[in-house]
Amino acid sequence: METNMITVEGDVIIGNHSSIQYCISGDTVIMGEGVAVSGDVIACSDARIDMWSKIGSGVKVGRNAYLGEFVTIDGKLIVAGDLDVGKEVKIKGGFEAKGWIVVRNPVPVIMFLLLYIREMMRLGKGEEVEKALEELFDDSGEEEEFDGKEPGEKVLIIPADAKISPEAIEVSGEAIIGSNCYLIGNLRVQTIEAGEALTLKGSINSEGNIIIGENSTVYGSLVSKGQVNIGRNSRVFGGIRADSVILHEKAIVDGTIKAPAGVSFLREAAGEKPPLADVNALGKVLMVGLEKQPESKTEEEPVKAVEPADIDSLIKTGPKVKNGFVPGMEKKSARTRSLARTRHFSGSRTRKRQGTGEHQS
């Protein structure tokens, strides 16, 4: 996404009643009903523009073009192949077509897709519908590959009622951004998930979670009512305000982080999965999601159980527990111990005299 151009190394599908204030360039360009594009539309392969759509500039098509009813093109239309055009189509700058020109009512884009899928189902190829859709938007005449990926993996899909302008990109649902993308403008979405090496010159405002991949750069702030996740070697030139934040230890945030539910850091360990670490209110790092490891022992002697000892009285102890603590024995004062000793000895003399037949007066 440049200053006034959106360039896609693949196909472009635009939902109904969307507004795009950019020029669009792609392989196959498909536009739904009531789509408004302020700039040029360049399709290296085919172009399908549904009814009531409006193009603010010219249209250039590398192969065949299909225009529905009441389509308006303010610029010039150039078609290298055949032109299938409906009624009440207005082309203010004129048109050039090197192939056949047929004036009729082309099948609407959505109906074309549904008929194609239904035919595949009738032929017993229901399991290959997804593959068939990828082949539908693929140029079979060329065997070009992009970075070893399938063409279906590089498709720009703009949902219905979306608004894309230099000021903001507004989507009423989920936004998914692939890797190695360059975008200009603020994002207003429900949730967003971005791949690696994203360059965004704008802020993100989300009702849900925000996920920024590795090696990305965001020149703006991140505002979310859910969770914000920043990947490794990524940098945010702005603040973050969210319910909770997960930040990789090698990520940089040049701003203030406000997260009522806390901030967690992803730390890398050699040969291990990076564990989570929380930071409490005092700034202390607390490990999260790991089993507690046994604390390292100092040079102190290991704890041993007290060996049992025979106790004949309240104060008599064996040699092994002398001057030691005996469970169940309460601490007594010196007077209490003296009285107990006196009772002990006097009781012994009484038992002895009774055994010999002597009586004490």
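Throughout, read-outs are computed from the coordinates displayed, never taken from laboratory work. These numbers come from a predicted model, not from an experiment. As a convention, Cβ positions derive from the backbone with ideal geometry for all residues, glycine included, and neighbour counts pool all protein chains shown.
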Q.
Being without any contact (Cβ under 8 Å) to a residue 40 or more places away in the chain, closer than 17 Å to L77 by Cα and not hydroxyl-bearing (S, T, Y) is true for just one of D50, D40. Which residue is that?
A. D40
Q: Take I204 and decide whether it is under 20 Å from E170 (Cα atoms), among the aliphatic types (A, V, I, L, M) and crowded, with 16+ Cβ neighbours inside 10 Å.
A: yes
